[in-house]
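A.B. asks: Below are the structure tokens for one structure; questions will follow.
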Amino acid sequence: MGPVPNDIIILIVVAIILFFGATKIPEIFRSLGRATGEFKKGKMEAEMELMQMQQAQNQNIQPNQSSKEADLQKKIDELQKQLEDLKKEQKQQNS
């Protein structure tokens with residue numbers, strides 16, 4: 001849809017003046033401005049809340065990863081120790 005012709009805009013303005021009256025127009029625009037401000041404020045609050053939730057989730061993931069890494073390292077150490085023990089047993093059996 002291209003640019004709106006001036007005739008349509010003038011017709012809409014005249015209809016608004018006739019429908020609401022000239023004294024109500026500033027009040028309507030004030031209300032629209034307040035509504036727009038509230039909408040922006042709500043949008044910002046929702047974005048902030050989402051960011052906080054993501055940060056909290058990231059903080060919860062990092063300790064879990066480090067504890068998983070520590071568990072895996074313990075298992076690796078245990079397996080290496082078992083492997084060394086098996087090698088010692090084989091040497092003793094072969095000797």
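A.B. asks: Taking θ as phi - 60°, what are the ³J(HN,Hα) couplings along region 71-81 by the Karplus curve (6.51, -1.76, 1.60), each to the nearest whole Hz, with x for Gly and Pro?
C.D. replies: These are the phi-based 3J(HN,Hα) values: 4, 5, 5, 4, 5, 4, 4, 4, 5, 5, 5 Hz.
A.B. asks: Please give the net charge around residue 31, taking every other residue with its beta carbon less than 11 angstrom from that of residue 31, where Lys and Arg add +1 and Asp and Glu add -1.
C.D. replies: On the way: positive: 24, 30, 34; negative: 27, 38.
Computed value for this residue: +1.
A.B. asks: Okay, next question. Which of the trypsin sites (Lys or Arg not before Pro) across region 1-93 are loop residues per DSSP, with 15 or fewer other Cβ within 10 Å? Before the final figure, lay out each step's value.
C.D. replies: Working: sites: 24, 30, 34, 40, 41, 43, 68, 74, 75, 81, 87, 88, 91; in loops: 24.
When the trypsin sites (Lys or Arg not before Pro) of region 1-93 are filtered for loop state and at most 15 Cβ neighbours within 10 Å, 24 remain.
A.B. asks: Pop out the ³J(HN,Hα) list for region 22-36 in order, Karplus 6.51 cos²θ - 1.76 cosθ + 1.60 with θ = phi - 60°, rounded to Hz; leave Gly and Pro as x.
C.D. replies: Here the 3J(HN,Hα) series is 5, 7, 7, 4, x, 5, 5, 5, 4, 4, 5, x, 5, 4, 5 Hz.
A.B. asks: Taking only Cα atoms and a 10 Å spring cutoff, compute GNM fluctuations for the chain and point out the largest among 33, 42, 21.
C.D. replies: 21
A.B. asks: Follow-up question, since we're still on this one. In whole Hz and in residue order, list the ³J(HN,Hα) couplings for region 86-92 that follow from phi through the Karplus curve 6.51 cos²θ - 1.76 cosθ + 1.60, θ = phi - 60°; x for Gly and Pro.
C.D. replies: 5, 5, 5, 5, 5, 4, 5
Each value in this text was obtained by applying a stated rule to the coordinates, not by laboratory testing. From a predicted model like this one, the values you see are computed outputs, not experimental measurements. As a convention, Cβ positions derive from the backbone with ideal geometry for all residues, glycine included, and neighbour counts pool all protein chains shown.
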